[in-house]
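Everything on this sheet refers to the single structure shown next.
The values are calculated or read from the model by the stated rules, or taken from the named source; none is laboratory data. These numbers were taken from a predicted model, which means no experiment stands behind them. Cβ coordinates were reconstructed from backbone atoms using ideal geometry, including for glycine residues, and neighbour counts include every protein chain displayed. Please note that ligands, DNA and RNA were not included when accessible areas were found on the heavy atoms of the full protein model with its side chains. Shrake-Rupley method; radii C 1.70, N 1.55, O 1.52, S 1.80 Å.
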Amino acid sequence: MEKDTERALAVLKEENLTLALCCGDETLKSRKRGVAALLELYDGKKELSAFCAADKVVGKGAAVLFSLLHVREVYSEVMSRDAQELLAQNGIPFYCERTADCILNRPGTALCPIEEAVGSERDLERALALIKERVRQMQSGSQMPDFKISGTLDNR
């Protein structure tokens, strides 16, 4: 694990964040849930190819955004198998404490809405459009969703 990833992980845990990105002395932090912070970074056109990220939970939607942001490395406490596959396909090294089959919504009744929106889409730009549309739909009716982990977890 790169030094910047280790720093991002320390900041994530010490400050109880949902997302931390580090590159040298620069640190970006967020407590926003879901993919909101990653979408803001993407839409803000911030150059993040030198940054390493630590995130609480990474599903396929977050993996799409990390791939489009071209981060150097991703750490997550929990990462879905689809997210791992997508990051690997895009040449982004990743580490996680646990692997989940999928990410569910907070009540545990269905897939996380972002995961559901992305589905089996493999094209990053099309997946981004699906994510943005789902976020728009959710914001018109409610706040960003909570999520919880589902499926088999294994320690890594």
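Odds and ends about this structure:
- Cβ-Cβ contacts under 7 Å between residues 6 or more apart (or on different chains), taken from a first residue in region 6-31 that is open to solvent by 30 Å² or more (accessible area, probe 1.4 Å) to a second residue that is of a type in the set (S, T, N, Q) and in a strand (DSSP E or B), are listed as THR18/SER30.
- Entry remark, region 1-36: residues being modelled with pLDDT of 95 or more and either among the small types (Gly, Ala, Ser) or in a helix (DSSP H, G or I) (or both) number 15 in total.
- Residues that are open to solvent by 90 Å² or more (accessible area, probe 1.4 Å) and under 17 Å from LEU130 (Cα atoms), drawn from region 32-49: GLU40
- Selected residue (criterion: least open to solvent (accessible area, probe 1.4 Å)) from residues of region 106-116 that are more than 13 Å from the chain's Cα centre (by Cα) and not small (Gly, Ala, Ser): PRO113
- Lone unmet requirement of (1) assigned to a loop (DSSP other than H, G, I, E, B); (2) modelled with pLDDT under 95 for GLY91: (2)
- Residues of region 117-128 classified as modelled with pLDDT of 95 or more and open to solvent by 70 Å² or more (accessible area, probe 1.4 Å), total: 2
- From the options ILE103, ILE92, residue that is over 18 Å from GLU125 (Cβ atoms) and open to solvent by less than 30 Å² (accessible area, probe 1.4 Å): ILE103
- In the condition set (1) modelled with pLDDT of 95 or more; (2) open to solvent by less than 70 Å² (accessible area, probe 1.4 Å); (3) under 26 Å from ARG136 (Cβ atoms), ASP82 is compliant with all but (2).
- On the stretch given as region 50-71, residues that are free of Cβ contacts under 8 Å to residues at least 60 places away in the same chain and either surrounded by fewer than 24 Cβ atoms within 10 Å (Cβ to Cβ) or among the hydroxyl-bearing types (Ser, Thr, Tyr) (or both) total 5.
- From the options ARG72, ARG98, residue that is in contact with a strand residue (DSSP E or B) (Cβ under 9 Å, 6 or more places away or on another chain), closer than 25 Å to ASP25 by Cβ and at pLDDT 95 or above: ARG72
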